[in-house]
Structure formats: C-alpha cells, structure tokens
Amino acid sequence: MLKVESVQTQAVNPDMLPITPKNYRVQRKADYTFAFHRNNEQVSELYNKLHLVGLGDMVSQTMDANTKRLALFSGIEVKQENGGKDEALAQLAIWLAAGLENVRRLAEIGQKRRFSVEELRPTVGWTIIGHDWHTYIAHRAHQDGRDTFVSISA
C-alpha cells in the first residue's frame, strides 16, 4: 500500500510553498516521502476518482511528471552525522508545509468550499542525522491573524 519515493531532485510546486513575511516563497526539497501505491485496490479506487474529476495530473506538491500524479504524505530529510540538524529541519518543514497546502487545496476542490487551515490534520516527518532519527509533527494554524506553520518535536 505504501511506497518510499525519492524526491531529492524534484521541485516543489511554487504555489504550494510557504511565503515569508517579506513575500518571498521559500524553495527547498526533501529527500524522501511516502506515496500510496496504485496497485492496492483501495488506493487504486482513490486515484480513479481523482482522475475522473480532473485531478489525475496534479495530486502531489511536486512538479515532476510522474510524482505529481502520486498521493504523497510525510517527508524524510537525511544528513550525514556532521550534517546540519537545523538545515534538515528547515527542509523538512518547507516540504511538510507544501504538502499541507496541497491537501487544503485538494479538499477545497473536492468539497467545493473554502477549507480552513484549522481543518487540516497534522502530518508527520523525520530528520535523520547520521544514525539519529528525530520525529516532528507539523500542522498549520492562525496566530495573530497570520497563517503559520507549527512543528513539534516528538
């Protein structure tokens, strides 16, 4: 049902990227993600429904010709043991934020109504620094009238 996908070289759809207070879209890439595999009966049914409503070519947050057709979730960022933990977390956070924005947009299309960030379910991701795994739970929320991304280390 699940498949690990390498997305190291794949650009994220700019429309899904978070925007800084100075109105700049931050572009970073994650290393790996999970995809729901098409060969599973339940998942195949979901992909067929997405295709019927015209979303078959834009299911994920990537721009890659193949991967953009896959239902992706989560993210994994890998660094060498002496690699930067903060850099890994920044890359993961941007990837997860883009994924949450993608889910919000898909929900709006599917439900034909505005879908608030508070309705999004949290997502999980990992950074791997050498042999150390760090789990993060991420969600979006409104704080002080601004849409923000919150990452909680577990």
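The values are calculated or read from the model by the stated rules, or taken from the named source; none is laboratory data. Values in this document were obtained by computation on a predicted structure and should not be read as measured data. A quick note on method: Cβ atoms are made from the backbone with ideal geometry, for glycine too, and the neighbour counts reach across all protein chains shown.
I need the full set of residues from region 17-55 which are part of a loop (DSSP other than H, G, I, E, B) and in contact with a Ser or Thr (Cβ under 8 Å, 6 or more places away or on another chain), in order please.
Matches in region 17-55: V26, K29, D31, R38.
For K79, work out the one condition from (1) at pLDDT 90 or above; (2) under 16 Å from the mean Cα position of the chain (by Cα) it doesn't fulfil.
Condition not satisfied by K79: (2).
Do we have any residue at all in region 88-110 that's in a loop (DSSP other than H, G, I, E, B) and touching a helix residue (DSSP H, G or I) at 6+ places or on another chain (Cβ under 7 Å)?
For region 88-110, residues in a loop (DSSP other than H, G, I, E, B) and touching a helix residue (DSSP H, G or I) at 6+ places or on another chain (Cβ under 7 Å): absent.
How about region 7-46: which of its residues are touching a helix residue (DSSP H, G or I) at 6+ places or on another chain (Cβ under 8 Å) and over 17 Å from G99 (Cα atoms)?
Within region 7-46, H37, R38 meet the criteria.
Report the residue count in region 19-36 for those that are at pLDDT below 85 and touching a Lys or Arg at 6+ places or on another chain (Cβ under 7 Å).
Residues in region 19-36 being at pLDDT below 85 and touching a Lys or Arg at 6+ places or on another chain (Cβ under 7 Å): 1 in total.
Identify the single condition in (1) more than 14 Å from the chain's Cα centre (by Cα); (2) more than 15 Å from H134 (Cβ to Cβ); (3) free of Cβ contacts under 8 Å to residues at least 24 places away in the same chain that I109 does not satisfy, given that it satisfies every other one.
(3)
Taking S60 and the conditions (1) assigned to a loop (DSSP other than H, G, I, E, B); (2) in contact with a Phe, Trp or Tyr (Cβ under 6 Å, 6 or more places away or on another chain), which numbered condition does it fall short on, given that it satisfies the others?
(2)
I'd like to know if region 47-56 contains one or more residues that are among the polar types (S, T, N, Q) and farther than 18 Å from G99 by Cβ.
yes
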